[in-house]
Amino acid sequence: MTFQAPCGVTTVIYDCDGVIFESFEANFAFYSKVLEHFGKPPLDKGDAETMRLLHTYASRDVLATLFAGDSREEEALRFSATIDYRELLPFMRLEEGFVETLEQLRGRVNLAVCTNRSTSVEMLLEDFRLAPYFSYVMTALKVTNPKPHPEPLLKILDHYRIGPQQALFVGDSDLDRRAAEAAGIPFVAYKSDLPCLARIDRHPEILKLLKSNAGDGNPQPGEYL
């Protein structure tokens, strides 16, 4: 399959967890290790709000919630940085069709990652042999305000010296949507019914989206093949 990117769109930005990787079990194991180390009660998979938090927010924000009212919060943050994330790789699964999609996009648009992960994302990209595809990786450590604040996405725009309408942001959470909206970047919802320019359920579908808008220059909400 070949395609022509829509006029003006030069960059596709991907969230990490839930988009590049199915990583729920890895995140659950990571924070469970922290809680166990400090003798805290175990996580409850039935607590939907906490599960959403640990899957989407930056580690500092997650631990601030899990250790609310506990003077060991900073100690917990330091301990979490010592966990070797490679121990959790067996819990990580690359989303179907992602590499094949990157092969089609590479050389035609800039490819970037925007994640609230901190120290682990570069290692993950290397271990799954994804690093060569991405020319810029934005993490929570590189900003003062992680998503849902627009700062991470705005820094990506600055890096490429482009305007917000020249990019697409592919995410799966309301946190991603809010960041995209605040940055003025069209949002593509992955396996999600969030308000968006388009929804995709498989990664190769973004190629159809780009092709459907080729030559237009003004993507319209809901325009999706």
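The values are calculated or read from the model by the stated rules, or taken from the named source; none is laboratory data. Keep in mind it's a predicted model, so treat the numbers as computed, not measured. No Cβ is skipped: glycine too gets one built from the backbone with ideal geometry, and neighbour counts run over all protein chains shown.
Scanning the stretch 9-51 for residues that are surrounded by 14 or more Cβ atoms within 10 Å (Cβ to Cβ) and among the small types (Gly, Ala, Ser) yields GLY18, SER23, ALA26, ALA29, SER32. Of all residues in the stretch 114-126, exactly one satisfies the criterion of being at pLDDT 95 or above and over 13 Å from the mean Cα position of the chain (by Cα), namely GLU126.
For the stretch 37-51, which positions are in a helix (DSSP H, G or I) and either in the same structural domain as GLY18 (by TED's automatic domain parsing) or in contact with a helix residue (DSSP H, G or I) (Cβ under 9 Å, 6 or more places away or on another chain) (or both)? Within the stretch 37-51, HIS37, THR50, MET51 qualify.
For the stretch 174-186, enumerate the residues that are part of a helix (DSSP H, G or I) and surrounded by fewer than 23 Cβ atoms within 10 Å (Cβ to Cβ). Give the steps one after another, and end with the answer.
Kept after step one, since they are part of a helix (DSSP H, G or I), are these residues of the stretch 174-186: 174-183.
Of everything in the stretch 174-186, those that are part of a helix (DSSP H, G or I) and surrounded by fewer than 23 Cβ atoms within 10 Å (Cβ to Cβ) turn out to be ASP174, LEU175, ARG177, ARG178, GLU181, ALA182.
If you go through the stretch 83-118 and pick out every residue that is β-branched (Val, Ile, Thr) and within 19 Å of TYR57 (Cα to Cα), you end up with 3. For the stretch 98-125, filtering for residues that are more than 22 Å from GLN166 (Cα to Cα) and of a type outside the set (Val, Ile, Thr) leaves 9. Of the conditions (1) crowded, with 16+ Cβ neighbours inside 10 Å; (2) over 13 Å from THR11 (Cβ atoms); (3) at pLDDT 95 or above, ARG93 satisfies every one except a single condition; which number is it? Evaluating ARG93 over (1) crowded, with 16+ Cβ neighbours inside 10 Å; (2) over 13 Å from THR11 (Cβ atoms); (3) at pLDDT 95 or above leaves (1) as the failure.
Which residue is nearest to THR101 (Cα to Cα), if the candidates are limited to the stretch 187-206 and must be surrounded by fewer than 20 Cβ atoms within 10 Å (Cβ to Cβ) and without any contact (Cβ under 8 Å) to a residue 40 or more places away in the chain?
GLU205
Against the conditions (1) outside the structural domain of THR139 (by TED's automatic domain parsing); (2) in a loop (DSSP other than H, G, I, E, B), ARG60 satisfies every one except (2).
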